[in-house]
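Right, one structure below, let's go through it.
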Amino acid sequence: MKIIDKLIAPIDKKLERFDPLWQAEHGVGGLRSRYYDKTGVAKWREWRGVKDTLFDYVSWINNILSMVQMVASAPIPVMKGFWEYRWMGSYLGTFMFIDRLFEGYRGTELRIAHMNMHGIVQSLTKKIAFGLKNDGRLGGGKDTFNIVPHDETITPLFLKGFKGLYPFPLQTLPEFIICDIDQHIEPYYIDVAESFGLPADVCSRCAAETGVALDDAFPLVGKVMLSTNMPCNASEATSMFQRRRIAKPDFPITLAMQHNEPEALPYSRQVLKDAMAFVEEHYGVKYDWDEFFKYAKLINEQNTIELEKWDYFKTPYSPLSGVAESLYRLYEWQSVNGQEPYFNKVDRKVIKIMRKAYEEKYLPFGGKTRHRAFLWGPSAVYYTDFPTWTQNCWGITIVLNMDSTMGFNMINTEDPELAMDDLTRFTEKACMRHHAVGGWDNINALWDWAKEFNCDMILFNDNIACKGMLGTHALMEEQARDLGFHFIFVEHDLQDSRTVSRQDMRNCVNNYMSVVLGEKPLDPTIVEFDDAEAY
Ligand code: SF4
């Protein structure tokens, strides 16, 4: 390897003027220079030096192969899916999305980022093919009635005890994931919901889901629907709209809101047991604990590795951070949830690289990190590639996002009664319930997380339509002042980029960094730019 490095060093030197990071450093351009104005369309691919550019190309081809496999495994349903569902077209933006997410990434951080991202791409493409192949709207398939559709915020792990059945998070494809890739897709569904009379000031995630239901854009699968009150009351209302429109027998998994209270456990546990009994009754399949334990072991391993990763996150030597960390953890935990061994393989490889990086005292991002931030932010930080931008523009590394802190308790893999307790605790700590609702201590935990991970800064998302969180605004500001953190509220309207644009969100950070801290950007081309028309 050393010989190859020596051979390509003069080529890298000769071509370094094409590298946007070098251009920004020398005041002759930067990361935004290669884009057409207002768009996310680049005129050429990012030059990262010979090795990294080649690696990036290979990863790009790898992702294309997953897409090809998706189409080849179900050509007609996929074609029909493009015809039937508006959200299918948005998946074509995936490549642009990934390119943007890893701008400025080099070396080890680029390798880990692509490993994680390919895990998501290969899983998601299989899910899309499987969903469309069995979609009743498109003619159905052999597994249409072996699928158990459930709300995306209910973790699918507990359903793995039903051999031969397939848990399917219904909103994930048309809403939960795709809103991260294409900022223009959910506003359409939000408008559909509002044209049916839904008030315009509700949470845009809930409005978008409602719009998808009213637009008949959910795949029609399964015999029943498992809805939920997770994460919040706005989401509960969404479940009701979806129940009416989808019109299948429905079991609402209403877990205790104040789930940190020990008294809540027996209640939530019983609700989960009732949900299992409901599935047994409608599908005629008995719950098999040994089958469940197989998958619980996979999630236990994923969580064990995750906890080890956290030790490295606390140091300056972690090549895994930002979007490569948080989007992967969100998908791995909430959607994969122990069901796909591929993710265990990725985790094992990544942790090895992280151990080595720590031993070698590897400083990621060319040692340009100036601040370590804890991010308390949902979907809006993905379609804006926000963590990547904070790193490239201001040297703010997002050490950990709130999405990474979901259920990390281990699950007993021998005794069904003990497993049931662990499973309940684990299920309650899902996306948004764990951080935004469910008691003050969930939100207040932010300070401990930030301290424990040696962060000097907190980026706190200010979702203008999340009613619960709006109530905490002034309290958080007061505490930040008392505790001495740099604290930035990042306004957004979650899945509706029309209300608060990407640039509006970036300006929240720009203003703090330039006015309060008086710092200069690492790359002036990405301080203020118009990408309103980008995916
Ligand atoms: S953003 Fe707030 S209102 Fe919307 S689903 Fe999440 S917790 Fe509920």
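Laboratory data are not the source of any read-out in this text; all were calculated from the coordinates shown. Since we're looking at a predicted model, the values are computed, not measured. No Cβ is skipped: glycine too gets one built from the backbone with ideal geometry, and neighbour counts run over all protein chains shown.
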- Summing +1 per Lys or Arg and -1 per Asp or Glu among the other residues with Cβ less than 14 Å from L165's Cβ gives 0
- Amide H proximity to Y35 below 5 Å, modelled H, separation 5+ or other chain, gives K43
- Item | Signed unit charges on C-beta, dipole axis of the chain, positive-most listed residue Y35, Q69, L363 | Q69
- Centre separation in Å (Cα based) which lies between the range 383-460 and the range 98-123: 21 Å
- Row for the range 140-280, column shape: gyration tensor on C-alpha, a ≥ b ≥ c, rounded if a/c < 1.5 i.e. under 1.5, prolate if a/b over b/c, else oblate; value oblate
- Item | Gained length - V68 relative to D415, 0.36 nm times residue gap less alpha-carbon distance | 120.7 nm
- Query: Once the other residues with Cβ under 13 Å from the Cβ of D37 are scored (Lys, Arg +1; Asp, Glu -1), what is the net sum?
  - Reply: 0
- Item | Spatial separation of Cα centroids for the range 290-367 and the range 61-85, in angstrom | 29 Å
- Item | Anisotropy class of the range 327-441 from Cα gyration tensor, a/c 1.5 cut | oblate
- Query: For the chain, what is the percent of antiparallel DSSP beta bridges, rounded to the nearest 5?
  - Reply: 5 percent
- Simple Cβ-charge dipole of the chain, Lys/Arg +1 and Asp/Glu -1, about Cα centre, in debye nearest 20: 1840 debye
- Message: From the phi angles alone, apply the Karplus equation (6.51, -1.76, 1.60; θ = phi - 60°) to the range 464-470 and give each ³J(HN,Hα) in whole Hz, x where the residue is Gly or Pro.
- Response: 5, 10, 8, 4, x, 6, 4
- Where labels lie 7 Å past Cα in the beta-carbon direction, separation of K273 and D311 in nm: 3.8 nm
- Which of W83, I112, S123, positive extreme of dipole for the range 44-154 (C-beta unit charges): W83
- Message: I'm checking a number: the convex hull volume of the Cα atoms of the range 353-408, normalised per residue, in Å³. What is it?
- Response: 105 Å³
- How many percent of Cα pairs in the range 1-96 exceed 21 Å? 53 percent
- Magnitude of the Cβ-charge dipole of the range 1-113, K/R +1 and D/E -1, about the Cα centre, nearest 20 debye? 160 debye
- To the nearest µm²/s, what D does Stokes-Einstein give for the range 66-207 at 37 °C and 0.692 mPa s, using the Kirkwood radius over alpha carbon pairs as Rh? 194 µm²/s
- Karplus-derived 3J(HN,Hα), 6.51/-1.76/1.60, for each residue of the range 440-446, Hz, glycine and proline x: 4, 5, 5, 6, 5, 4, 3
- May I ask you to compute the full-extension gain from E452 to Y342, defined as 0.36 nm times their residue separation minus their alpha-carbon distance, rounded to one decimal in nm? 36.6 nm
- Note on the structure: Note, the range 114-126: 3J(HN,Hα) by Karplus (6.51, -1.76, 1.60, θ = phi - 60°), whole Hz, Gly/Pro = x, goes 5, 4, 5, 5, 5, x, 5, 4, 5, 6, 5, 5, 5
- Treating only Lys and Arg (+1) and Asp and Glu (-1) as charged, each at its beta carbon, one finds that the range 82-137 has a dipole about its Cα centre, in Debye to the nearest 20, of 160 debye
- Message: For the ranges 396-407, 516-527, 58-69, what's the packing order if you count other beta-carbon atoms within 10 Å of each residue, average per peptide, and put the highest first?
- Response: 396-407, 516-527, 58-69
- Taking a 31 Å limit on the Cα-Cα distance, which of the listed pairs K126/K248; K13/K451; K429/K451; K248/K286; K6/K368 fall beyond it? K13/K451
- Message: Give me the one-decimal nm value for the distance between modelled label points at H26 and D216, 7 Å along each residue's Cα-to-Cβ direction.
- Response: 6.0 nm
- Non-local amide H neighbours of V148 (under 5 Å, H modeled in plane, Pro and chain starts lacking H): which ones? Y166, F168
- Taking amide hydrogens as modeled 1.01 Å from N in the peptide plane, which residues meet the under 5 Å criterion relative to E491, leaving out close sequence neighbours? D462
